[in-house]
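The values are calculated or read from the model by the stated rules, or taken from the named source; none is laboratory data. Predicted, not measured: the structure shown is a model, and the values here were computed from it. When we count neighbours, we look across all protein chains shown, and the Cβ atoms used for this are built from the backbone with ideal geometry, even at glycine.
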Amino acid sequence: MGLFYTASPKELLEARNRLFIGKCLPVLQAHGFEKSPFQGSWFGRNNLNDYSYELCRLTQGSHLEIFTTHLSRGDSWIKMFLNIFKLELSPENLEALKRGFHRRLDELGVVIARDLNNIDLIGSKWHQLHKVATTNWEGKVVEE
């Protein structure tokens, strides 16, 4: 019988997560960080059954700061990373970054639909510039 209690990897992971949620997250939020608006960013349990958190804030001078935290099972550390990006345009808030993405996605859809409506013209221009290669059933080019 041992004198010291040894916590399981799951217990250690849950304890570190409670520590991050209770102590670290409020400090980050007090400094202006909020949950990342980007699709695919983690905020809680991830697909590896660990924990990942991604928070963002905009600062003066058009800087986007992304604060990422990883809590891995079997590891005794809380890994924190800060990445800073200078943005060309200065959005008013983080939600403006998501709206801009969706607006650009809609614009791309319009351009693609316009191009597909002219598919016959594109095909005829291709035939003017290129010669069609004839192949046999094995995929080898047949000389004409």
Seminar exercise, completed: Of the residues in segment 1-49, those that are closer than 30 Å to GLN60 by Cα and of a type in the set (Asp, Glu) number 1
For this session: Determine, yes or no, whether SER36 is surrounded by fewer than 10 Cβ atoms within 10 Å (Cβ to Cβ), among the polar types (S, T, N, Q), out of contact with any Phe, Trp or Tyr (no Cβ under 6 Å at 6 or more places or on another chain) and at pLDDT below 90.
Result: no
